[in-house]
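S.K.: Have a look at the structure that comes next, please.
The values are calculated or read from the model by the stated rules, or taken from the named source; none is laboratory data. Fair warning: this is a prediction, and the values are worked out from it, not measured in the lab. Cβ placement follows ideal geometry from the backbone for every residue including glycine, while neighbour counts extend to all protein chains displayed. Side chains are part of the model used for accessible areas, which takes the heavy atoms of the whole protein and leaves out ligands, DNA and RNA. Shrake-Rupley method; radii C 1.70, N 1.55, O 1.52, S 1.80 Å.
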Amino acid sequence: MGKRRSGRELVRSLSKKQKKHLREFGEEHPFYDKLLLLLLLHSCFPFQSENSDKSSAESDSETEVEQVSVYHKLLATLKTSPESESEEEDDESESEEAGESEAEMDSEGSQETGEVDGGEEDKNDIPEEEEATDTAEQTLSQDQADGADTSCDPHRGVIEEFTDVKHESEFSLETNFMEEESGDCNADKRDDNPFKQHMDKELEEKEIEKMSSLPKSSSQSQWPRLGQLTFSSTLEKHKTLKADKEVDVKQLYLHKPLESTWPKVNKQFLPSVNKPSDSPFTPLQRELFCIMNTYRDLFYPERNALTNGEEIRHAYCLHALNHVLKANAQVLSNNAKRRDRKPGTDADDYRDQGLTRPKVLMIVPFRESALRIVHIFINLLEVNEKKKIDVSNKKRFKGEFGSDPEEKPPNLKRPEDYEAVFAGNIDDHFRIGVAILQKSMRLYAPFYSSDIIIASPLGIRTVIGAEGEKKRDFDFLSSIEILIIDQADIYLMQNWEHVLHLMKHINLLPLDSHGVDFSRVRMLNLNNWSKYYRQTLLFSALQDPQINSVFNKHCFNYVGQVAIRNMPLTGSISHVVVQLPHVFRRLEAESVASVIDARFQFFINNVLPEYRDAIMSHTLIYIPSYFDYVRLRNYFKKEDLNFTHICEYTKKAAVCRSRRFFLKGEKQFLLFTERFHFYKRYTIKGIRNLIFYELPTYSHFYSEICNMMKATDNGVDATWTCTVLYSKYDAQKLAAVVGIDRTAQMLQSKKNVHLFVTGEN
């Protein structure tokens, strides 16, 4: 109890600024994480547990558990877990009234000139380079993996831990049976059913060894809507998978209620003049679902919140719900068979479950995304208005995951994509369990009684915990059969380490039994082969090496993988509307690991000296990486350069001062982070010289930053400059900015490239 109380005291001791930062970014400001400063002296990685100085004994023991693959050893290692106390987190949540509204931040009027202090430094900004890290909220005590959302709502105060005891037996798979009138399970027994084919496949030991040691073979195909597809697999060469031009819902092996509800739910994306015989899928949905339904892993890097985001969400919700309904129908049907079976019947005929109940894990960035997913589930399960499904705790869910229209600040002009991404409730610390049984849905189900878990990376990270922590749990991830990671690009702006942490703890053997009936558990789960059966669906707005790495290194599906690999023909540079010369300066690096230091040395030795002269004033330096930002800021301080800086941790008052100093020319340089631009999208006025220290993560940020120059009408258009640093390892980002053809030429040539954009290119 002492530790728990001390954790509460830490949360209570946070200032308003710290609590506000914790809500906005999902992590404590690194300036206040004193313990992390000591850890960073010994490690450059952003995630270390509090007991990371201990020897590898703990990690070794964990590895031994993960490697157990024999049935009797699994039984021997299981221990009975005592009932955990359900204690609410007593951290307080206060809403902080900002001194200046965002509308005032967007204007350079008289309110900015009223600042008293003339210094540009934010005293609460990070003073040393060792603090350059995105860290998890280590002051938060770890929650039990009960599915109840115990995070704080700034408008409701502390939310008590939620337990839904009265619905436990109603949604239990072990004590219920398939309704005779439904007949839902009959179609699922067909041998050509994709669900049955995938889950009933019995791999051999040599096939597992082959997947672990041999490289994947790949082939390519061109599809009408998705474009260039790359199929890869280890076990066998891919048979050419062709896109279905016409899709009959009955041929998709959808669970019974979904056949009738899907056309109605998806009607909003179809042409207004749609005949009953027409496909209930859009062309994009048809090709995506064709791949999903084969249980291959899928990476689609062209998700757009403005255009196809909701189409994709509906498609993967249909697939996830179809999988859960089929799996549960199989269990309920076997329950009835076991009840009526004759003595002496082989129990192995009824292996239909995993070691834990959760089957689908859906990772989404904001509460609004979870709200929309649950609404889609409800609509898909309701056959008609007369047959409404019973949804437990629906009112509480709407209250916690919905948004108040009055909360949105008025008169804020932001790009359309910003409005689409940050619509609704954008809290990024949540998790919720969903149980579905026949004609009922239970929200806030405990994780071990849930079929589907919907969570943010931060929400799932606080349950998993870190190595050495006593209160952590990831057993509920042991039998995940479908992992859906939507809007993966946003996690690059939040904290990508949360995603990596999740991937390291999914599909491991559980440490406790959690009341499982081992006679019903599939052999693939007992053999610790779950990861080879897991389907991973990854959706992103862009291609990024970190996202590609997760798809290539953490996905082991025996069926294979499909990745969409379309390269842009033009690039975002064509959207620059100001006449501006672009100079792309190539730097050389021996490896990916050395490119960070090579870029810094190239900048201070070759680029910065050209801008030291006072005539090169109003120079904005755009920096995607926060680590690079701190490194440059410290160097500028050391060299006593006339500069100011804005990052995601800078207070509003300091942002106002920095923008005003830069506009008036009182500060020659402005260091500007990509993460600040992602979350705020302020227009920076007064830019005459622009330096991209690294190509932006989002290609459209390149044109947005360049077009900020038109906000300054002072007749100095001829002096505008734009310099971009790149290396051969930036091929994907470079192609997104200048197009694939120019990229190929620039990578072949080691000379600097000069491009002049007139606004019509």
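S.K.: Quick one: is ARG286 more than 16 Å from PHE377 (Cβ to Cβ), open to solvent by 10 Å² or more (accessible area, probe 1.4 Å) and in contact with a Gly (Cβ under 9 Å, 6 or more places away or on another chain)?
M.R.: In short, no.
S.K.: Something else: What residue, among those in the stretch 591-613 that are open to solvent by 80 Å² or more (accessible area, probe 1.4 Å) and of a type in the set (A, V, I, L, M), is modelled with the highest pLDDT?
M.R.: ILE596
S.K.: Does LYS395 qualify as being farther than 30 Å from ASP517 by Cβ, open to solvent by 10 Å² or more (accessible area, probe 1.4 Å) and out of contact with any Lys or Arg (no Cβ under 6 Å at 6 or more places or on another chain)?
M.R.: yes
S.K.: Examine the stretch 450-461 for a residue that is surrounded by fewer than 23 Cβ atoms within 10 Å (Cβ to Cβ), within 27 Å of ASN322 (Cα to Cα) and out of contact with any Asp or Glu (no Cβ under 6 Å at 6 or more places or on another chain), and state whether such a residue exists.
M.R.: No, the stretch 450-461 has no match at all.
S.K.: Pull out all pairs, ordered by first then second residue, where Cβ-Cβ is under 8 Å, the residues are six or more apart or on different chains, the first lies in the stretch 363-376 and is touching a residue at least 60 places away in the same chain (Cβ under 8 Å), and the second is of a type in the set (Gly, Ala, Ser) and part of a helix (DSSP H, G or I).
M.R.: What qualifies is VAL364/ALA370.
S.K.: Right, ASN308: more than 19 Å from LEU325 (Cα to Cα), at pLDDT below 90 and not assigned by the TED database to the domain that holds HIS700 or not?
M.R.: In short, no.
S.K.: One residue is enough: does the stretch 402-411 have a residue meeting the conditions more than 28 Å from LEU258 (Cα to Cα), in contact with a Lys or Arg (Cβ under 9 Å, 6 or more places away or on another chain) and touching a residue at least 12 places away in the same chain (Cβ under 8 Å)?
M.R.: Yes, the conditions are met somewhere in the stretch 402-411.
S.K.: Would you check which residues across the stretch 252-309 are in a loop (DSSP other than H, G, I, E, B), in contact with a helix residue (DSSP H, G or I) (Cβ under 9 Å, 6 or more places away or on another chain) and within 30 Å of LYS216 (Cα to Cα) and list them?
M.R.: TYR253, ASN293, THR294, TYR295, PRO301, ARG303, ASN304
S.K.: Return yes or no: is ILE547 crowded, with 21+ Cβ neighbours inside 10 Å and among the β-branched types (Val, Ile, Thr)?
M.R.: Yes, satisfied.
S.K.: Condition (residue is out of contact with any Leu (no Cβ under 6 Å at 6 or more places or on another chain), in a loop (DSSP other than H, G, I, E, B) and under 21 Å from ASN334 (Cβ atoms)) applied to the stretch 494-510: is it met by at least one residue?
M.R.: No; the residues of the stretch 494-510 include none that is out of contact with any Leu (no Cβ under 6 Å at 6 or more places or on another chain), in a loop (DSSP other than H, G, I, E, B) and under 21 Å from ASN334 (Cβ atoms).
S.K.: Another question, if that's okay. Just checking, how many residues over the stretch 603-634 are among the aliphatic types (A, V, I, L, M), assigned to a helix (DSSP H, G or I) and within 30 Å of the chain's Cα centre (by Cα)?
M.R.: The number of residues fulfilling the criteria is 2.
S.K.: Tell me which residues, restricted to the stretch 571-587, are outside any loop (DSSP other than H, G, I, E, B) and touching a Leu at 6+ places or on another chain (Cβ under 9 Å).
M.R.: ILE573, LEU580, PRO581, HIS582, VAL583, PHE584, ARG585, ARG586
S.K.: Restricting to the stretch 635-657, give me the number of residues that are of a type in the set (Ser, Thr, Tyr) and outside any loop (DSSP other than H, G, I, E, B).
M.R.: Adding up the residues that qualify gives 2.
S.K.: Looking at the stretch 417-458, which of its residues are at negative phi and polar (S, T, N, Q)?
M.R.: Listed by number, the residues that qualify are ASN425, SER440, SER449, SER450, SER456.
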